[in-house]
Structures are given as structure tokens and as C-alpha cells.
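Read the structure below first, then the notes.
No value in this document is a laboratory result; all are computed from the given coordinates. As the structure is a prediction and not an experimental result, all values here were calculated from the model. Cβ atoms come from the backbone with ideal geometry, glycine included; neighbour counts cover every protein chain shown.
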Amino acid sequence: MSIPTEPIGSLPRPAALQQAIALHAQGSAPAEELTALQVKATADTLSTLAGLGSPVLVDGEQSKLSFVTYPLAGISGLSPDGAVIPFADGHQRQLPALTQGPFKYGANAVTFLREAQRHTDLPVKQAVIAPSALSLLYPAAGIEGYPRERFLADLADEAEADIRQCLDAGAHVVQLDFTEGRLSLKLDPSGGVLEDFIALNNTVLERFTPEERARIGVHTCPGGDLDSTHSADIDYAGLLPQLFRLKAGNFYVQLASEADPERVLAVIAEHLPADARVFIGVTDPIDPRVETPEEIRDRVLAAARHLPADRLGTCDDCGFAPFADDTSTSRETAFAKIRARVEGTALAAKELGL
């Protein structure tokens with residue numbers, strides 16, 4: 001036995017792809033050129049990760065403009081004035097708002113998974129957006145003839161299909177991105193919104209068998225965009241006990257950038273379900289300094305003092321570029337951090353006699 005280690009999802013796009021994305025948005029780059037560059041960047045990402053010794057690969061979300069909005073590609077009935085996500089440095093991201101029903105995904109994550117599988121025989125992990133994040137598309141004023149209850153039922157069906165298609169296509173694991181969990185406690189300290197998020201996500205997760213849920217994970221972090229976060233000031237102790245109510249077999253928890261990781265580890269140890277594994281974040285994507293393998297080793301050994309080694313894994317705190325226009329971290333730095341994670345995790349496993 002060793003200690004499993006996995007990427008979270010997004011990686012910085014090559015400069016040529018960044019330029020093509022910007023030109024395509026302006027209508028001055030053909031779709032075929034953009035697609036060709038996305039395919040090339042995906043293949044390069046997979047090859048580079050394999051060369052670093054990563055036992056599980058991701059496509060780096062090279063063909064997604066955003067980790068959250070990929071299901072909205074090509075659908076109508078949206079306005080640009082949806083929920084606003086404020087970040088600590090003052091910048092914002094804004095979601096669209098739904099204007100009509102019924103709600104259906106315009107694109108599914110299995111498309112990205114199958115493209116990645118064309119380029120490698122190694123295990124491929126697929127990130128999907130949690131239904132709780134997409135529930136924010138429904139406007140507070142409602143939609144005439146399409147009540148919120150119907151929207152949530154349609155959303156749950158679409159989210160289930162998104163996950164199930166990836167499982168059926170052979171994904172190593174399907175990871176639900178749940179960054180809005182910690183943010184919800186900032187927007188609603190009472191915890192009511194978080195409770196609704198957990199209930200909605202479990203409505204979907206409970207449709208899977210225990211064997212299937214062993215290949216489903218949930219990722220939480222305080223956001224990571226343009227070297228800023230949206231909810232790092234929110235105490236993890238308010239989120240983690242609720243997070244671990246989710247019916248998933250794996251949890252990916254940002255930890256490297258936490259001010260008091262030992263305290264967080266104690267909370268994890270108290271509340272982690274008996275049949276789940278936790279992957280702790282050991283690299284900080286928004287810190288430009290590349291961690292050493294020895295630092296990673298020591299972070300893993302600290303976690304092993306709180307958690308059984310057979311229920312422990314490592315990951316990056318969050319994706320390196322969850323939005324396609326984020327150039328705050330270079331591709332080279334991201335890969336250097338991943339190399340350190342892989343090597344440092346191996347050092348810790350050796351130290352633990354695994």
C-alpha cells in the first residue's frame with residue numbers, strides 16, 4: 001500500500017491557447033483553430049503529468065472556459081446578471097441567471113473525459129460541477145411557469161447524468177467541485193444555505209450505489225482565482241462537519257494554505273466518515289513559491305498523526321486556473337508544484353513504511 005495522490009483539476013493554459021480563447025471571444029478566431037489548440041494542450045497536459053510520475057491524470061480543463069459553467073455551453077434562456085462571487089482582492093466573478101425552463105445541460109463532462117482517454121492509458125480523473133453551484137442560476141424573483149422546485153428536480157437529473165456518464169466511461173474517480181460550500185457560510189452565517197446545498201447534493205449522490213460512491217469525491221476550498229480567495233476567512237470548523245455528511249467516498253480538502261492546519265486536521269479526524277478517504281491539500285496554487293518534496297513529506301506526516309494512513313491521500317489545494325483567463329500562475333510553476341507533491345508523498349509513504 002502507498003499513499004494515493006491526485007491533481008484537483010484545472011491547470012494554466014499555454015499562451016497560444018490563451019490568445020485563441022481571447023480572439024474567439026471577440027469573434028476573430030475560428031472555432032476549428034480554438035478546438036485544435038485545446039486538443040493539443042490537453043494531450044500535452046496528460047503527457048507532462050505522466051512524465052512527472054502522477055499516478056492519476058487530469059486534462060487540466062484545457063477545453064473548459066470555466067470549471068463551473070461548462071454545462072451551459074450553447075444553451076439559451078440565460079441572462080448575464082446572475083449571482084456575484086466577490087474575492088478578497090476586490091475582483092468578482094458573475095454567474096449567468098436562468099430566464100426560462102426546463103433546465104438541461106448543453107454539454108456534459110464525459111466529452112472531456114473521452115477526449116483525455118484518447119491520449120493516455122493511465123487512470124483519468126474527471127471533475128464536474130456540483131449541482132449546488134448550478135442552483136445559483138435560478139433567480140430570486142423566480143421564473144413564471146417554472147417554479148424553483150421543478151428547476152431543482154431537473155438540475156438533480158442532469159447532475160446525476162453528468163456523473164453517471166463519466167463513471168460508465170471509466171473515470172478513475174469523478175470529483176464534484178464544491179467551492180461554494182465555504183462561501184455559503186460567508187453569505188449566510190446561519191448555515192441555512194449550506195444546509196440546502198448539502199441536501200441538494202445528497203439528493204444526487206444517494207442515487208448511486210456504495211460501490212459507485214467509492215469512485216465519487218467532493219472537493220472543497222475557499223476559492224482560488226487570480227491569486228485570491230473568496231472565503232478563506234471562514235472557519236473550516238463550520239463547514240467540515242456538514243461537508244462530511246455528503247454521500248461520497250473521497251473528500252479533497254484544501255489545507256496547505258490554512259493558517260492552522262493542525263486544528264483543521266483535528267476536525268477532519270473527528271468527523272470523517274468511517275468509509276471515506278480524505279485527500280489533504282499539500283501544495284498552495286496561489287503561492288508562487290514552489291514547495292519542496294521535503295515540505296510535502298512533513299505535511300503528510302503531520303496529517304498521519306491525526307488520520308490512519310489507509311484513509312489518507314494528497315492533492316493540490318485547488319485547481320491552478322479554474323477560469324480560462326487566469327494567468328496568475330505559470331504552467332511551469334504548476335507542474336513544478338505537482339512534481340513536488342508526487343515526490344513528497346512518496347517520501348512520506350516511505351517514512352511511514354507503506
Check the straight Cα-Cα distances from Lys40 and name the lysines below 26 Å, setting aside those fewer than 8 residues away within the same chain. Lys64, Lys125, Lys337
For the stretch 37-180, whose charge dipole is built from +1 on Lys and Arg Cβ atoms and -1 on Asp and Glu Cβ atoms, the candidate among Gly106, Thr48, Ile143 with its Cα farthest towards the positive end is Thr48
Give me Asp177, Asp235 ranked fewest to most by other Cβ atoms within 10 Å of their Cβ, as a rough exposure proxy. Asp235, Asp177
Using Cα positions and a limit of under 13 Å, work out the aspartates and glutamates in reach of Lys186, with same-chain residues fewer than 8 apart set aside. Asp233, Asp235
Going fewest to most other Cβ atoms within 10 Å around each Cβ, Glu149, Glu115 line up as Glu149, Glu115
With x for Gly and Pro, the residue-by-residue ³J(HN,Hα) of the stretch 223-230, computed from phi through the Karplus equation 6.51 cos²θ - 1.76 cosθ + 1.60 at θ = phi - 60° and given in whole Hz, is x, x, 8, 6, 6, 9, 10, 10
Summing -39500 (n - 2.57) over every DSSP H run of at least 4 in the chain, dividing by its residue total and rounding to the nearest 500, the 222 nm mean residue ellipticity is -12500 deg cm²/dmol
Residue-ordered couplings for the stretch 171-181, obtained by feeding phi - 60° into the Karplus form 6.51 cos²θ - 1.76 cosθ + 1.60 and rounding to whole Hz (Gly and Pro as x), are 4, 4, 7, 10, 10, 7, 7, 10, 5, 6, x
Most packed first (mean Cβ within 10 Å per residue), the peptides 126-135, 28-37 order as 126-135, 28-37
About the Cα centre, and with charges only on the beta carbon of Lys, Arg (+1) and Asp, Glu (-1), how big is the dipole of the stretch 166-216? Nearest 20 debye, please. 140 debye
Binned Cα-Cα distance frequencies in the chain - 10 Å width, integer %: 5, 26, 37, 25, 7, 1, 0
Using alpha-carbon positions, what is the distance between the centroids of the stretch 32-93 and the stretch 139-153, in Å? 28 Å
Distant-in-sequence amide H partners of Ile85 (H built 1.01 Å from N, under 5 Å): Arg93, Gln94, Leu95
Long-range amide H partners of Gly313, meaning residues 5 or more apart or on another chain whose placed amide H is closer than 5 Å, are Val278, Phe279, Ile280
With +1 on each Lys and Arg Cβ and -1 on each Asp and Glu Cβ, how big is the dipole of the stretch 220-354 about its Cα centre, in debye rounded to the nearest 20? 580 debye
Mind checking which of His172, Ala259, Ala232 is farthest towards the positive end of the stretch 161-265's charge dipole, using Cβ charges of +1 (Lys, Arg) and -1 (Asp, Glu) about the Cα centre? His172
Along the dipole axis of the stretch 5-351 (charges at Cβ: +1 for Lys and Arg, -1 for Asp and Glu; origin at the Cα centre), the most positive-end residue among Leu155, Gln117, Leu134 is Gln117
Let's see if you can work this out: charge +1 on each Lys and Arg Cβ, -1 on each Asp and Glu Cβ, no other charges. What is the dipole magnitude of the stretch 5-351 about its Cα centre, in debye to the nearest 20? 520 debye
Order of Tyr105, Tyr146, Tyr252 from fewest to most other C-beta atoms within 10 Å? Tyr146, Tyr105, Tyr252
